[in-house]
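The values are calculated or read from the model by the stated rules, or taken from the named source; none is laboratory data. Model, not experiment: these values are computed from the prediction. Virtual Cβ from ideal backbone geometry, glycine too; neighbours counted across all protein chains shown.
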Amino acid sequence: MMTNTTTAKRGPGMKSPLVQINTVGESGIAFQVKGKAFQEGYLFLTPEMHRLFPFKEELSSILFVDEAEVVHSAIYHKGRGYMVCLTFGEWWEKSGMREGDQIGIELISLAERKYKLSRVMPESARAASDVDAVTVSMKPAADLPIHYTPGNLEVLRKLITGDFSPYAETGLILQGEEMNARTDEQDLLSLKTCFGVSAYQHQLNTVHSVLGRYNGRALLADEVGLGKTIEAGLILKEYLLRGMVRKVLILTPASLITQWQQELKTKFDLSFKNHNEIPDWEQSDLVIASLDTAKSQKNQKSVQKVNYDLLIIDEAHKLKNKKTQNWKFVNSIKTKYLLMLTATPIQNDLIELFNLITILKPGHLSTLQKFKGDFLAERDKRIPKNSIKLRAMLSEIMIRHRRSDTMIKFPQRFVHTQTITLKPDEARLYSELTDFIRRRYFTLPTHNNPRGINRLTLILLQKLMGSSTQALKRALTKMISSNFYKDDFDDSLKRLLDLANNVGMSRKTEVLLELLGNLNEKLIIFTQFRGTQDYLTDLLRERGYTVSVFNGQLSQTEKDACIEKFRNENQILISTESGGEGRNLQFCKVLVNYDLPWNPMRIEQRIGRIHRLGQTDDVHIINLSASDTIESYVLELLDKKINMFRLIIGELEMILGNMHSKKTLEQIIIDIVTMSPNQEAMKRKFQTLGNKLERALKTHQDITRSQEDIFNGNE
Amino acid sequence: METSKIQTLVFSFMDKVGISRTQSDAGVWSAYIPEAERAFFNGYEFLHFTFDREIAERRRELELICPGSFLLRKIVDRLVEIPKVSRLFSNAAPELPATGNHPGELRVLSGCKAHYRQQVLFHFRVSIIGDQRTEQLFSALADPAKHEISLKEGLTGIDLTTFTETADPALPIQESGEDLVRLYLQACRTLEASLEDRVRELQTEADEAFREELEKVQAYLEDQKKELQKKRENVCFHLYFFQKEEEIDKMVRELENEQTRKIEELKEKHALKIQVSLINAVVLCIPTLGLPTGQTATRRKRDSNVFPIHLGSPDRLEARPAV
């Protein structure tokens, strides 16, 4: 064991022959040293001196500050009763000390383990005013901001006491350290553990720019469909892997929380918790929340207390108005790095852009008055004067790519809607079911009638009918056999079931078979319901088609196998909504919506399985829609009014955002269906909704044009 | 780093912190996280993980632990906090003492005994944290017998074919008498000296960047304040001027608070910190033929990428007990 050897073992209780104490005060001591030990860096402590260093640890770091404010670092070895400092000798010489001169040590701060080191002049040489003044300003010895990790002394202690571990353990940690150390500044560590991320050049450029030139604070304003989320994910992950960031908060609209969480997990292998899953804001490192939740009275103060390393704001155009709670709240969050994401940093006027930039870098666009004077044209608040100067200033804080700037080929979507006329028995069933639902919707369970059918179930029945008679039959059979509805509802349900049983092959199915007869390539058929899925699977297999079936009931292994079989062998994949999330289905170019969800985002997600950044071929979307049904009205809204199927990826969300409605589109549709007294009323309400969507689309188009003018005008 | 080594490292960490695990499938593990460790795993109670990227590609619900993964980085950072020191014995033939200033001269050595003399290899990680973060690894080999500290960038790989963890019982381990605390301090000082130029450069850059941003922020906030004060002056024309004045005063106070906060944020952002961590230390015992008292050893040739520092004057090369 390598230990310090001495001729006689000294402990803290023993007097040192090399030190003579002259005066002892409450927080200081004056002493003389003999011999050369002090100049060589050793101070051996007497019992009185030990009291001045009341530390429990075997080894402690001590700082001495001399009269020239130079800091000397020492290590106090309690067990051995001495202090080592390499620069005691330097101080001795600079202070002009000689043997016999007195040295003074005085406590400055016990918590910081700081002491004053001084030459004690004889009484006559001391000015009276110096006696009690201990004013020290801290300065590192070489003016370098170097800190030694406290754990260093633990290693030293083990070394001194010979507490050795097997080299396998030590060596393993060294290998881990080498692995963590980056060899190339330009390497992006984040790309090594991403999944399904083909980072395009414009995305890599953005990441490098933010990490380098923009120092972690930037407005990411790429056009829709260019992958801002991917850019933000890469930047976030890179900061985490470089150890520059630990506490991260992502604020998004509530509707996007789950999507963000899933993308961060599936693509970047990062597990974020949403605000409902955390015990408190301070303790959790990776959190995603809605802006509304974070700024609520319950949470606001807690969020404001936390020192975040990185804050990401999605849909940042919601912060365009400085007077709003949103703006004030986000501006009050403490964070080192900040990313704001929006495809539309300007919606109505340039002041919105000013307000966004002010959160990122206050003063970057000068004051508001000056900004108005320099850049706002009198007539049109969206078009700047001095646009070149403005763009130059923006280029220091904002990154914006256009689709045309990238070399990416964006595939087109081709939509084919097959309008189907229901057969008489189907139409009758549909009509009777719709009436039943309309009558029952407002008949809630009461004390006298506790077995009412709840609203969700009623809406579900409506949707099932829109999917397939077989799915409806299955549900009705279950409801009847459950005995839960044994009252006048029971007869109505039985009647509906009888009608459903009398329906043969539906017209929709016939159309599907005709379609398949003409198609000779792979396709995906989406449906919302297992009942429809089972029916179509049996039907198609009976007719000799090779079919893969995908739904949420499959195990992971089964899901993998299903997709592989579809990729390599089978022609058709029939999938429910869970189909293919995170999986690459871009080898398929044809998608059939056998039924249509009332939530357009779910339709978008279906399409997104095959139509996304990375798809090289155009895709075909086939909608099967029975006329005069709710689904046909929904389809008309989405196809004719907002041209949904021809939008760029991501545009739909922006258009729906322009409706500024507190309810989702699906909720509005449910209200229309259940509150319309008859078919005609329902049609009129759908038309009104259609007009609103048209206006939202127009707003979106206006905004897009103005972005183009501001950011790329005069080209 | 090979997958098996990463696996060993991760399992070693889990054992240390009391995390039990089971293999739930080929290449897939599940671990129960005790409450004390959940904050480290972002609050999760269970961890399902794999070291195989292909498995992770197929099963995205699994946590992938491999080079470049965030969790692995965190685990290594935690492990480094556990202090470790090892000792290795060279199995090379004993070194002969240097021949002094007369090469080729025939010397007779008598009374020499073979023994292990000790060197200490300190491994440091230097983290330079400012607007960016870079890390460098250093090794400092302290040779008390020669009063030298050799510093080099990177970690010194030890050839385990030439070292063993078991001492030859026939060779005693000679205490160098050199104070380990002092050796450590000298190694730190050597390290600081090698970093000085670079740190000064970075400090200057950081100070400039801070000043630039500070000027902009201060100017902006001062101008905002002036605008508010101007408004306050004009408020006497307002019907409810007391109320208006109060509102503006409140806004001025908020602005001042914001100014303080933003300046603190800027300081924090641009503050340059250099953190030196002693990852671990390895004592290397080198078999040597001892010198009779009075004879001195000369300096060895140095490697091209080391920075040798003499600890004391050439007259004091002979090891002596620490006082």
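Could you go through the stretch A:698-710 and let me know if any residue there is assigned to a helix (DSSP H, G or I) and touching a helix residue (DSSP H, G or I) at 6+ places or on another chain (Cβ under 6 Å).
yes
Report yes if B:Asn101 is part of a loop (DSSP other than H, G, I, E, B), within 8 Å of another protein chain (Cβ to nearest Cβ) and either buried (at least 16 other Cβ atoms within 10 Å of the Cβ) or modelled with pLDDT under 90 (or both), otherwise no.
Here the answer is no, as B:Asn101 does not meet what is asked.
Would you mention how many residues in the stretch A:235-257 are touching a helix residue (DSSP H, G or I) at 6+ places or on another chain (Cβ under 9 Å), within 13 Å of chain B (Cβ to nearest Cβ), part of a loop (DSSP other than H, G, I, E, B) and of a type outside the set (Gly, Ala, Ser)?
Going through the stretch A:235-257 one residue at a time, the tally reaches 4.
Just the residues that are in contact with a helix residue (DSSP H, G or I) (Cβ under 7 Å, 6 or more places away or on another chain) and not aliphatic (A, V, I, L, M), please, taken from the stretch B:52-70. Step through it out loud before you land on a result.
Narrowing the stretch B:52-70 to residues in contact with a helix residue (DSSP H, G or I) (Cβ under 7 Å, 6 or more places away or on another chain): B:58-60, B:62-70.
B:Arg58, B:Arg59, B:Arg60, B:Glu63, B:Cys66, B:Pro67, B:Gly68, B:Ser69, B:Phe70, listed by residue number.
Give the stretch B:207-232 a look and list any residue that's surrounded by 19 or more Cβ atoms within 10 Å (Cβ to Cβ) and either more than 10 Å from every other protein chain (Cβ to nearest Cβ) or among the aliphatic types (A, V, I, L, M) (or both), or say none.
B:Phe210, B:Val217, B:Leu221 - these are the residues of the stretch B:207-232 that are surrounded by 19 or more Cβ atoms within 10 Å (Cβ to Cβ) and either more than 10 Å from every other protein chain (Cβ to nearest Cβ) or among the aliphatic types (A, V, I, L, M) (or both).
Quick check on the stretch B:150-174: of everything there that is part of a strand (DSSP E or B) and among the polar types (S, T, N, Q), which residue is surrounded by the fewest Cβ atoms within 10 Å (Cβ to Cβ)?
Checking each candidate, the answer is B:Thr164.
Would you confirm, using the coordinates I've provided, whether B:Ala114 is closer than 30 Å to B:Asp143 by Cβ, touching a Gly at 6+ places or on another chain (Cβ under 9 Å) and either at pLDDT below 85 or more than 8 Å from chain A (Cβ to nearest Cβ) (or both)?
yes
Have a look at A:Lys305, A:Lys273, A:Lys265, A:Lys295 and point out the one that is surrounded by 16 or more Cβ atoms within 10 Å (Cβ to Cβ) and either among the polar types (S, T, N, Q) or under 23 Å from A:Arg217 (Cα atoms) (or both). Even if it seems obvious, please write down each step before you answer.
Numbers: A:Lys305 fails: surrounded by 16 or more Cβ atoms within 10 Å (Cβ to Cβ); A:Lys273 fails: either among the polar types (S, T, N, Q) or under 23 Å from A:Arg217 (Cα atoms) (or both); A:Lys265 fails: either among the polar types (S, T, N, Q) or under 23 Å from A:Arg217 (Cα atoms) (or both).
Selected residue: A:Lys295, the only one of A:Lys305, A:Lys273, A:Lys265, A:Lys295 that is surrounded by 16 or more Cβ atoms within 10 Å (Cβ to Cβ) and either among the polar types (S, T, N, Q) or under 23 Å from A:Arg217 (Cα atoms) (or both).
Among the residues of the stretch A:290-318, write down those that are more than 14 Å from chain B (Cβ to nearest Cβ), among the aliphatic types (A, V, I, L, M) and touching a strand residue (DSSP E or B) at 6+ places or on another chain (Cβ under 7 Å).
Answer for the stretch A:290-318, where residues must be more than 14 Å from chain B (Cβ to nearest Cβ), among the aliphatic types (A, V, I, L, M) and touching a strand residue (DSSP E or B) at 6+ places or on another chain (Cβ under 7 Å): A:Leu291, A:Ala294, A:Ile312, A:Ile313, A:Ala316.
Please give the number of the condition A:Glu90 fails out of (1) part of a loop (DSSP other than H, G, I, E, B); (2) of a type outside the set (Val, Ile, Thr); (3) buried (at least 16 other Cβ atoms within 10 Å of the Cβ); (4) over 50 Å from the mean Cα position of the chain (by Cα).
So A:Glu90 meets the others, but not (1).
Is it the case that the stretch A:102-115 has a residue that's within 24 Å of A:Leu43 (Cβ to Cβ), in contact with a helix residue (DSSP H, G or I) (Cβ under 8 Å, 6 or more places away or on another chain), at pLDDT 90 or above and β-branched (Val, Ile, Thr)?
Taking every residue of the stretch A:102-115 in turn, at least one turns out to be within 24 Å of A:Leu43 (Cβ to Cβ), in contact with a helix residue (DSSP H, G or I) (Cβ under 8 Å, 6 or more places away or on another chain), at pLDDT 90 or above and β-branched (Val, Ile, Thr).
Would you call A:Ile420 under 26 Å from B:Ala271 (Cα atoms) and more than 14 Å from chain B (Cβ to nearest Cβ)?
For A:Ile420, the condition - under 26 Å from B:Ala271 (Cα atoms) and more than 14 Å from chain B (Cβ to nearest Cβ) - is not met.
Identify all residues within the stretch A:253-308 that are among the aromatic types (Phe, Trp, Tyr) and over 12 Å from the mean Cα position of the chain (by Cα); write none if there are none.
If the condition is that a residue be among the aromatic types (Phe, Trp, Tyr) and over 12 Å from the mean Cα position of the chain (by Cα), then A:Trp281, A:Tyr308 are the ones that fit.
Out of the residues in the stretch A:568-587 that are at pLDDT below 90 and surrounded by 21 or more Cβ atoms within 10 Å (Cβ to Cβ), state the one that is farthest from A:Glu558 (Cα to Cα).
A:Leu585
Confirm whether B:Thr134 is of a type in the set (Ser, Thr, Tyr) and more than 10 Å from chain A (Cβ to nearest Cβ).
On the way: of a type in the set (Ser, Thr, Tyr): yes; more than 10 Å from chain A (Cβ to nearest Cβ): no.
No, not satisfied.
For the stretch A:532-548, give me the residue count where each residue is assigned to a helix (DSSP H, G or I) and within 23 Å of A:Ile607 (Cβ to Cβ).
Total meeting the criteria: 5.
Counting only residues that are closer than 14 Å to B:Met14 by Cα and either hydrophobic (A, V, I, L, M, F, W, C) or part of a helix (DSSP H, G or I) (or both), how many does the stretch B:41-72 have?
So the count comes out to 7.
Just a yes or no: is a residue in the stretch A:562-573 in contact with a helix residue (DSSP H, G or I) (Cβ under 9 Å, 6 or more places away or on another chain), farther than 19 Å from A:Leu519 by Cα and not in a helix (DSSP H, G or I)?
Checking the stretch A:562-573: not a single residue is in contact with a helix residue (DSSP H, G or I) (Cβ under 9 Å, 6 or more places away or on another chain), farther than 19 Å from A:Leu519 by Cα and not in a helix (DSSP H, G or I).
Across the stretch B:249-285, which residue is farthest from the other protein chains (Cβ to nearest Cβ) among those that are surrounded by fewer than 18 Cβ atoms within 10 Å (Cβ to Cβ) and not charged (D, E, K, R)?
Within the stretch B:249-285, the match that is farthest from the other protein chains (Cβ to nearest Cβ) is B:Val252.
Does A:Tyr200 count as more than 27 Å from A:Pro411 (Cα to Cα), more than 10 Å from chain B (Cβ to nearest Cβ) and either among the aromatic types (Phe, Trp, Tyr) or touching a Cys at 6+ places or on another chain (Cβ under 8 Å) (or both)? Let's see the steps before the verdict.
Details: more than 27 Å from A:Pro411 (Cα to Cα): no; more than 10 Å from chain B (Cβ to nearest Cβ): yes; either among the aromatic types (Phe, Trp, Tyr) or touching a Cys at 6+ places or on another chain (Cβ under 8 Å) (or both): yes.
So A:Tyr200 fails the test.
Filtering the stretch B:35-80 down to residues that are facing chain A (nearest Cβ under 7 Å) and in contact (Cβ under 8 Å) with a residue 60 or more places away in the chain, which residue is farthest from A:Cys562 (Cα to Cα)?
B:Val80
Suppose we keep only residues that are within 13 Å of chain B (Cβ to nearest Cβ) and assigned to a helix (DSSP H, G or I) within the stretch A:206-234. Which one would you say is surrounded by the fewest Cβ atoms within 10 Å (Cβ to Cβ)?
A:His208
Does the stretch A:336-355 contain any residue that is within 12 Å of another protein chain (Cβ to nearest Cβ), within 23 Å of the chain's Cα centre (by Cα), assigned to a helix (DSSP H, G or I) and under 29 Å from B:Asp131 (Cβ atoms)?
The answer is no, given that none of the residues of the stretch A:336-355 is within 12 Å of another protein chain (Cβ to nearest Cβ), within 23 Å of the chain's Cα centre (by Cα), assigned to a helix (DSSP H, G or I) and under 29 Å from B:Asp131 (Cβ atoms).
Give just the number: which of (1) within 7 Å of chain A (Cβ to nearest Cβ); (2) surrounded by fewer than 22 Cβ atoms within 10 Å (Cβ to Cβ); (3) assigned to a helix (DSSP H, G or I) does B:Tyr184 not satisfy?
Of the numbered conditions (1) within 7 Å of chain A (Cβ to nearest Cβ); (2) surrounded by fewer than 22 Cβ atoms within 10 Å (Cβ to Cβ); (3) assigned to a helix (DSSP H, G or I), the odd one out for B:Tyr184 is (2).
Test of understanding: among B:Glu196, B:Glu192, which residue is surrounded by fewer than 16 Cβ atoms within 10 Å (Cβ to Cβ), facing chain A (nearest Cβ under 9 Å) and either in contact (Cβ under 8 Å) with a residue 60 or more places away in the chain or not in a strand (DSSP E or B) (or both)?
On inspection, the qualifying residue turns out to be B:Glu196.
From the list A:Asp292, A:Asp309, A:Asp280, pick out the single residue that is in a helix (DSSP H, G or I) and touching a helix residue (DSSP H, G or I) at 6+ places or on another chain (Cβ under 8 Å). Steps first, please.
Numbers: A:Asp309 fails: in a helix (DSSP H, G or I); A:Asp280 fails: in a helix (DSSP H, G or I).
On inspection, the qualifying residue turns out to be A:Asp292.
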